[in-house]
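Encoded as structure tokens, the structure appears first; notes follow it.
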Amino acid sequence: MISYFRSILPSRLIVLILLFLGLQLPLVLLGIPATAPELLHMLVGERLADGYSMYRDIYDNTAPLSALVFWLLDVVAGRSFLAYRLTAMGLLLLQALLLNSILNRHSVYATKNYLPALLYLVLGSLSFEFNMLTPLLIGNTFLILSLPYIITLSREGYDNSRLFVGGFMLGLAAMSYLPLAVFLLVGTFAVIFFASNTFRSFLLMLCGFAFPYAVLITYYLYTNTGQEFMEMHLLRPWQLQVAFLRPPSDVAKLMAIPAAILLLSLLSAASLPQRLVFQVKFQQLMWVWLVASLLVIFTRDEISVATFVLVLPPIAYFGQFFFTSVRKAWLLNLVFLVMLAGVLLLRYRLALGINRFLLLDESPLLLPEQAQTPVQNSTVLVLGNDISYYMQNKPITPYINWQLAQRHFSKLDEYQAVFQLHENFSHEMPRYIVDKAGLMPELSHKLPDTFGRYAQTEQPGIYRLR
């Protein structure tokens, strides 16, 4: 089977796409579990579609370019988990084909083939988390798009515009998910490896990176949202509060197969004979890419399987060395079939009824059943982390992200915070307030004209506007 994808005939591409769709579509079409991260992204897109501004009217740390994607999806499809999953599938397929095309076009390997795309798509089908449309997945697309522009300077002449475009793509990646700015390290090493005038080339790439942010900051300063933009987007991701969104043991179980393939591939790459200088430099650059990926992954406050999408490009690149090595063909096919079988078992473990043996818990990501929500088809504000109330209700006021809402609700003894609460509620007042934090008595005391208008319902902690 591996030998079939060592060719670049169009039939291989068609089979590759069909294989990817066969791995992904059945579960996507049969049932899509509702997850809290995706619902939060939908709320951001919905608020933007209603005409509110990011950071000023929406307190959330979603990066600007990702927020734009969520806004477009809301305009096209509304609150649709299916639309989000299909978009994520399309991005994953696009990333695999782009990376494979770049590797073949620049003769990174001795022969051209579809093995990198094959590994990318098979391992990208390991968990439904890779089908979640996250800012990290969006940003990863721009990282791959930047690759051909930062590696071709010495091969195509002294073309400065390519480095500027490469830096611009890295800037768009950071505008999708700010911690991806760490990949400037990859761009720096690319300049060192490939550029003829290192310092001048680095400054040019840096200008390309800074250009989209210069435009964005100008806009937020013009709209008097500069402080909120700094606080929620530019500064918050660097607090380095490392935490796992799912149990670390679950993440380790799911990532065992990619880790094994990566280890075998790195050992195979280390034993290669002497190759072209460009190929050696490119391999060194992919080592830097791998280190940068791991650095971003393990410094996040929400580490889960979805964050490991960053290591798919290095695994796809290095994996080709193992599956084209001089080992016996039956052994390579056996390893691939074991990998494919493992991916299928992990992806379809619930449908096959084998999760009781694997003991994988997805509940930290999933939302509770909608039937448990006592308030439906109304406007709601939730004071707390339980955003399941928004599944069948419309969010009102900027406070859709409870962690960022603490900038006001945790400072009720400060005049400025209380004043901001009054200002925000003077424009929008939800029909219901779900008080999971026990703040309504204090809020009613300090802002009686606003929160005193709410009366407690028969449901504990739920208040309705009189």
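The values are calculated or read from the model by the stated rules, or taken from the named source; none is laboratory data. Keep in mind it's a predicted model, so treat the numbers as computed, not measured. Virtual Cβ from ideal backbone geometry, glycine too; neighbours counted across all protein chains shown. Please note that ligands, DNA and RNA were not included when accessible areas were found on the heavy atoms of the full protein model with its side chains. Shrake-Rupley method; radii C 1.70, N 1.55, O 1.52, S 1.80 Å.
Table for the structure above
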{"quantity": "Pairs with Cβ under 6 Å, 6+ apart, first in region 220-237 and over 19 Å from Val44 (Cβ atoms), second open to solvent by less than 40 Å² (accessible area, probe 1.4 Å) and in a helix (DSSP H, G or I)", "calculated": "Gly226/Tyr220"}
{"quantity": "Test: Leu290 is under 23 Å from Val326 (Cβ atoms) and not basic (Lys, Arg)", "calculated": "no"}
{"quantity": "Where Ala77 falls short, out of the listed (1) buried (at least 16 other Cβ atoms within 10 Å of the Cβ); (2) touching a residue at least 24 places away in the same chain (Cβ under 8 Å)", "calculated": "(2)"}
{"quantity": "Residue list for region 386-414, filter: of a type outside the set (Ser, Thr, Tyr) and part of a loop (DSSP other than H, G, I, E, B)", "calculated": "Asp386, Met391, Gln392, Asn393, Ile396, Pro398, Ile400, Asn401, Lys411, Leu412, Asp413, Glu414"}
{"quantity": "Pro368 vs. criteria in contact with a Ser or Thr (Cβ under 6 Å, 6 or more places away or on another chain) and either open to solvent by 40 Å² or more (accessible area, probe 1.4 Å) or of a type in the set (S, T, N, Q) (or both)", "calculated": "yes"}
{"quantity": "Residue within region 226-249 that is surrounded by fewer than 19 Cβ atoms within 10 Å (Cβ to Cβ), of a type outside the set (Lys, Arg) and in contact with a helix residue (DSSP H, G or I) (Cβ under 6 Å, 6 or more places away or on another chain) present", "calculated": "yes"}
{"quantity": "Odd one out for Asn113, checked against (1) within 28 Å of Pro273 (Cα to Cα); (2) touching a Pro at 6+ places or on another chain (Cβ under 9 Å); (3) part of a loop (DSSP other than H, G, I, E, B)", "calculated": "(2)"}
{"quantity": "Criterion: at positive phi and of a type outside the set (Lys, Arg) - qualifying residue of Asn377, Asn355", "calculated": "Asn377"}
{"quantity": "Some residue of region 415-426 being in contact with a strand residue (DSSP E or B) (Cβ under 8 Å, 6 or more places away or on another chain) and either open to solvent by 10 Å² or more (accessible area, probe 1.4 Å) or in a helix (DSSP H, G or I) (or both)", "calculated": "no"}
{"quantity": "Any hit, region 438-446, residues being free of Cβ contacts under 8 Å to residues at least 12 places away in the same chain, among the polar types (S, T, N, Q) and over 15 Å from Leu381 (Cβ atoms)", "calculated": "no"}
{"quantity": "Residue among Leu118, Leu145, Leu103 that alone is closer than 26 Å to Ser7 by Cα, modelled with pLDDT of 90 or more, part of a helix (DSSP H, G or I) and open to solvent by 10 Å² or more (accessible area, probe 1.4 Å)", "calculated": "Leu145"}
{"quantity": "Count - residues of region 165-216 that are open to solvent by 30 Å² or more (accessible area, probe 1.4 Å), more than 28 Å from Phe298 (Cβ to Cβ), in a helix (DSSP H, G or I) and small (Gly, Ala, Ser)", "calculated": "1"}
{"quantity": "Matching option when the condition is more than 29 Å from Leu68 (Cβ to Cβ) and either modelled with pLDDT of 90 or more or among the β-branched types (Val, Ile, Thr) (or both), among Leu254, Leu216", "calculated": "Leu254"}
{"quantity": "Elements of type helices (runs of 4 or more DSSP H) contained in region 1-84, each with 2 or more residues being over 20 Å from Glu428 (Cβ atoms), modelled with pLDDT of 90 or more and under 18 Å from the mean Cα position of the chain (by Cα)", "calculated": "36-49, 64-77"}
{"quantity": "Criterion: of a type outside the set (Gly, Ala, Ser), touching a Ser or Thr at 6+ places or on another chain (Cβ under 8 Å) and touching a residue at least 12 places away in the same chain (Cβ under 8 Å) - qualifying residue of Asn401, Asn385, Asn393", "calculated": "Asn393"}
{"quantity": "Some residue of region 329-336 being under 19 Å from Asn100 (Cα atoms) and polar (S, T, N, Q)", "calculated": "no"}
{"quantity": "Of residues in region 397-414 being farther than 20 Å from Leu40 by Cα and not hydroxyl-bearing (Ser, Thr, Tyr), the one surrounded by the fewest Cβ atoms within 10 Å (Cβ to Cβ)", "calculated": "Asp413"}
{"quantity": "Spans of helices (runs of 4 or more DSSP H) in region 295-355 with at least 3 residues open to solvent by 10 Å² or more (accessible area, probe 1.4 Å)", "calculated": "329-347, 349-352"}
{"quantity": "Pair list, Cβ < 8 Å and 6+ apart or interchain, from region 169-195 residues that are over 18 Å from Ile217 (Cα atoms) to residues that are not in a helix (DSSP H, G or I)", "calculated": "Phe194/Thr152"}
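Yes/no matrix, rows are residues, columns are (1) at pLDDT below 85; (2) over 30 Å from Glu442 (Cα atoms); (3) acidic (Asp, Glu); (4) in contact with a His (Cβ under 9 Å, 6 or more places away or on another chain):
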{"site": "Val326", "(1), (2), (3), (4)": "yes, yes, no, no"}
{"site": "Ala329", "(1), (2), (3), (4)": "yes, yes, no, no"}
{"site": "Leu332", "(1), (2), (3), (4)": "no, yes, no, no"}
{"site": "Phe336", "(1), (2), (3), (4)": "no, yes, no, no"}
{"site": "Leu366", "(1), (2), (3), (4)": "no, yes, no, no"}
{"site": "Ala371", "(1), (2), (3), (4)": "yes, yes, no, no"}
{"site": "Ser378", "(1), (2), (3), (4)": "no, no, no, no"}
{"site": "Tyr399", "(1), (2), (3), (4)": "no, no, no, yes"}
{"site": "Trp402", "(1), (2), (3), (4)": "no, no, no, no"}
